[in-house]
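Q: What follows is a structure written as structure tokens; I'll ask about it next.
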Amino acid sequence: MEKQIVVRFMAEVNQQSVNSLISLMESKIQQGIMKFRILISSPGGQVFYGISAYNFLKGLNLDLETFNFGSVDSIATVIYCSGSKRLCVPNARFLLHGVAWGGQGNFEEKQLKEYLKGLEIDRENIAKIIAQNCNKTQEGIEKAMFDGTTFNPQQAKEFGLVHEISENL
């Protein structure tokens with residue numbers, strides 16, 4: 001029987017946490033491990049790192065399960081979608097919402113347009129990833145994001161985000 005490694009990702013999605021995740025995965029793959037379960041509970045964080053983590057995990061040729069063991073919010077939902085099998089505990093939650101920008105200071109119109117275009121692309125990329133993995137339309141996901149949708153496990157399962165609800169981590 002092939003050995004499975006369980007990885008806990010209980011952090012904000014940022015450069016440090018994603019680099020740690022990628023380093024750990026690469027290390028275990030070099031040891032010949034090809035079956036992983038990533039336990040995720042995250043408030044979300046930075047879009048850049050969340051999409052990078054998703055692309056890295058999805059691009060690996062391995063058996064990957066993701067498991068929400070608390071709360072998977074915002075960009076952490078994209079990381080969660082990297083699992084070919086997605087599970088969650090019965091008392092978990094998921095949050096989809098629009099992208100934000102925390103800029104401060106004075107900006108010229110050109111700069112604001114650049115920032116807005118970046119936010120639009122981020123929203124589209126997030127929605128496309130979730131839509132592809134839940135068999136939904138990108139437009140439907142963008143609406144759910146705009147509405148700030150929160151799912152309990154049963155709702156997430158009906159939505160197509162969760163494959164199985166289980167207490168067994």
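Q: From zero up to wherever the largest Cα-Cα distance of segment 24-169 sits, split into 10 Å bins and tell me the percent of pairs in each.
A: 12, 40, 31, 13, 4, 0
Q: Turning to a different aspect of this structure: What are the residues whose amide H is under 5 Å from the amide H of Phe9, where those residues sit 5 or more places off or on another chain and H is modelled from the backbone?
A: Leu39, Ile40, Ser41
Q: Please give, to one decimal in nm, the separation of the simple spin-label points placed at Lys136 and Glu164, each 7 Å out from Cα toward the Cβ.
A: Reported label-point gap for Lys136 and Glu164 is 2.3 nm.
Q: Send over the per residue convex hull volume for segment 100-169, Cα only, as a whole number of Å³. Spell out each step's value before the answer.
A: Details: hull volume 8.3 nm³, N = 70.
Per-residue hull volume (Cα only) is 119 Å³.
Q: Put a dot 7 Å past each Cα toward the Cβ at Lys110 and Gln16; how far apart are the dots in nm?
A: 3.7
Q: How far, in degrees from 0 to 90, does helix 15-30 lean away from the longest principal axis of the Cα atoms of the chain, to the nearest 10?
A: That works out to roughly 30 degrees.
Q: Given the peptides 76-83, 60-67, arrange them by the average over their residues of other C-beta atoms within 10 Å, most packed first. Numbers along the way, then the final one.
A: Values: 76-83: 25.5, 60-67: 17.6.
Ranking the peptides 76-83, 60-67 by packing returns 76-83, 60-67.
Q: Expressed as a fraction of 2.2 N^0.38 Å, the rule-of-thumb size for a compact globular protein of N residues, what is the C-alpha radius of gyration of segment 72-134? Working shown, then result.
A: Numbers: Rg = 15.2 Å, N = 63, 2.2 N^0.38 = 10.6 Å.
So segment 72-134 has a normalised radius of gyration of 1.43.
Q: Over its Cα atoms, what ratio of radius of gyration to 2.2 N^0.38 Å does segment 31-106 give?
A: 1.23
Q: Using a Cα distance threshold of under 24 Å, what count of lysine pairs results for segment 1-121 when pairs must be 8 or more residues apart or interchain?
A: Going through segment 1-121 pair by pair, I get 9.
Q: Taking the chain as a Gaussian network, where each spring joins two C-alpha atoms under 10 Å apart, which residue of Gly50, Gly70, Gly59 fluctuates the most?
A: Of Gly50, Gly70, Gly59, the most mobile in the Gaussian network model is Gly59.
Q: Further question on the same structure: Compute the separation of the alpha-carbon centres of segment 31-74 and segment 112-169 and state it in Å as a whole number.
A: Segment 31-74 and segment 112-169 have Cα centres separated by 15 Å.
Q: Between helix 47-59 and the chain, what is the angle of the helix's C-alpha long axis to the longest principal axis, kept within 0 to 90° and rounded to the nearest 10?
A: 40
Q: A further question on this structure: Sum -39500 (n - 2.57) across every DSSP H segment of at least 4 residues in the chain, then divide by the residue count to get the 222 nm mean residue ellipticity, nearest 500. Intermediate results must be reported in sequence, preceding the final value.
A: On the way: 6 runs with 77 residues, N = 169.
Helix contribution divided over all residues of the chain: -14500 deg cm²/dmol.
Taken together, the values in this text are just the output of simple stated rules run on the coordinates, not laboratory data. Treat the numbers as computed from the prediction; the structure is a model and nothing was measured. Positions of Cβ are generated from backbone atoms using ideal geometry, with glycine treated the same way; all protein chains shown enter the neighbour counts.
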